[in-house]
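What follows is calculated from the coordinates using simple rules that are stated; it is not laboratory data. Computed from a predicted structure; not experimentally measured. No Cβ is skipped: glycine too gets one built from the backbone with ideal geometry, and neighbour counts run over all protein chains shown.
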């Protein structure tokens, strides 16, 4: 089963082109949608979750028309939005039971088994009687996944799920998402490169409503080998380097700036070659560079 999106476009009333002719084929497993805030990720996710209309284009989940057969899609959809509300004075077990009723699980015995299993799967069983108002950010996100998993969905959409989580909660949450990818199509929409790097076998980079790159992360990284170089410079030197080289990223380290530069050959003696990462793929893509093409001028590519 695949989610096939073709020529999907959306323009808001204020003139913002949120989606521009988006075409993607999303297979079974974990799929990363990577881009900065405002890139169009949430608009695409809400459209696929049947929460808003597209202006044109199509999306099909197997034999279902996502844009037309909305009720059928919702029955097989699990959606965890970037922000979701909970009743702070209701415990996790009771609220999940309530959502199960709304999902159509009307038999009490079936609900009990389902709720218990999901609370265990999301590692919330021991706190099932605790009010959600006392949950940490990571616990709330895991509860959101439990809600999303009701009805055994074939398509699961999670929008910026690790934003604001501490490192330990982030690891627990990513491990949970990884397990879900074994049985469903899971779309992970995020601006955090590490989330995609650690989880997804395929990904797309989106910006200003357009798909800039669709690739397998490992293959995209491989294609950058021999093209990423680094050097350390003082803060006042950064601007001059950006004029002379294709600087794709700048990171402050121990009071100095580490620059990553794109070049098909050594840019100079003070540069060292770098084993590329998905972060380098992201920044070269956002700068308009592609593997195998001549580097843009430093002024054009500076971020």
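Please give the peptides 248-254, 198-204, 66-72 ranked by average Cβ packing (other Cβ atoms within 10 Å per residue), highest first, as a rough proxy for protection. Intermediate results must be reported in sequence, preceding the final value.
Numbers: 248-254: 13.6, 198-204: 20.3, 66-72: 15.3.
Highest to lowest by the protection proxy: 198-204, 66-72, 248-254.
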Open item on the list: To test your reading of the geometry: what angle, between 0 and 90 degrees and rounded to tens, separates the Cα axis of helix 108-121 from the longest principal axis of the chain?
Closed with: 30 degrees
Open item on the list: How much length would be gained if the chain were fully extended between residue 210 and residue 168, taking 0.36 nm per residue of separation minus their Cα-Cα distance, in nm to one decimal?
Closed with: 11.8 nm
Task: Cα-based shape type of region 117-203, given that a ≥ b ≥ c are square roots of the gyration tensor eigenvalues and the cut on a/c is 1.5 - done: oblate
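FRET efficiency for residue 121 and residue 53, Cβ-Cβ distance as r, R0 = 45 Å, nearest 0.05? Mind showing how you got there, number by number?
Details: r = 33 Å, r/R0 = 0.74.
With R0 = 45 Å, the Cβ-Cβ based efficiency is 0.85.
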- [ ] Against the globular-protein guess of 2.2 N^0.38 Å, express the Cα radius of gyration of region 88-148 as a ratio, rounded to two decimals.
- [x] 1.01
Open item on the list: Given contacts defined as C-alpha pairs under 8 Å and at least six residues apart, what's the relative contact order of the chain, whole-number percent?
Closed with: 20 percent
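So for region 55-175, averaging the separation of alpha carbon pairs under 8 Å that are six or more residues apart and normalising by length, what relative contact order in percent results?
On the way: 143 pairs, mean separation 42.5, N = 121.
Relative CO of region 55-175 lands at 35 percent.
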Open item on the list: If I build a Gaussian network model for the chain, linking alpha-carbon pairs within less than 10 angstrom, which residue out of 222, 182, 239 has the largest mean-square fluctuation?
Closed with: 239
Open item on the list: Once you keep just the Cα pairs under 8 angstrom separated by 6 or more residues, what percentage relative contact order results for region 1-70?
Closed with: 39 percent
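Dividing the convex hull volume of the Cα atoms of the chain by its residue count, what figure in Å³ per residue is obtained? All intermediate terms of the calculation are to be shown ahead of the outcome.
Numbers: hull volume 46.9 nm³, N = 303.
With only Cα atoms used, the chain gives 155 Å³ per residue.
Note the full-extension length gain between residue 14 and residue 233 as 0.36 nm times their separation in residues minus their Cα-Cα distance, in nm to one decimal. Display every interim value, and only then the final one.
On the way: separation 219, 0.36 × 219 = 78.84 nm, distance 4.27 nm.
In short, 74.6 nm is gained.
Stretch residue 256-residue 72 to full length: gain in nm at 0.36 nm per residue minus the Cα-Cα span? Please list the in-between numbers first.
Numbers: separation 184, 0.36 × 184 = 66.24 nm, distance 5.52 nm.
Between residue 256 and residue 72, full extension yields 60.7 nm more.
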Open item on the list: What is the angle, in °, between the Cα long axis of helix 137-148 and the longest principal axis of the Cα atoms in the chain? Nearest 10 is fine, range 0 to 90.
Closed with: 60 degrees
- [ ] Starting with the highest mean, order 167-176, 43-52 by the number of other Cβ atoms within 10 Å, averaged over the residues of each peptide.
- [x] 43-52, 167-176
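What is the ratio of the Cα radius of gyration of region 107-254 to 2.2 N^0.38 Å, with N the residue count, to two decimals?
Values: Rg = 20.5 Å, N = 148, 2.2 N^0.38 = 14.7 Å.
For region 107-254, the normalised Cα radius of gyration is 1.39.
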Open item on the list: Compute the angle between helix 92-102 and the longest alpha-carbon principal axis of the chain, please, reported from 0 to 90 degrees and rounded to the nearest 10.
Closed with: 80 degrees
TODO: Please report how far the C-alpha centroid of region 126-188 lies from that of region 93-108, rounded to the nearest whole angstrom.
DONE: 18 Å
Task: Antiparallel content of DSSP bridges confined to the chain, in %, to 5 - done: 65 percent
Open item on the list: Quick check for you: which residues of region 158-198 have the amide N under 19 Å from the point 7 Å beyond the Cα of residue 4 toward its beta carbon?
Closed with: 185-186
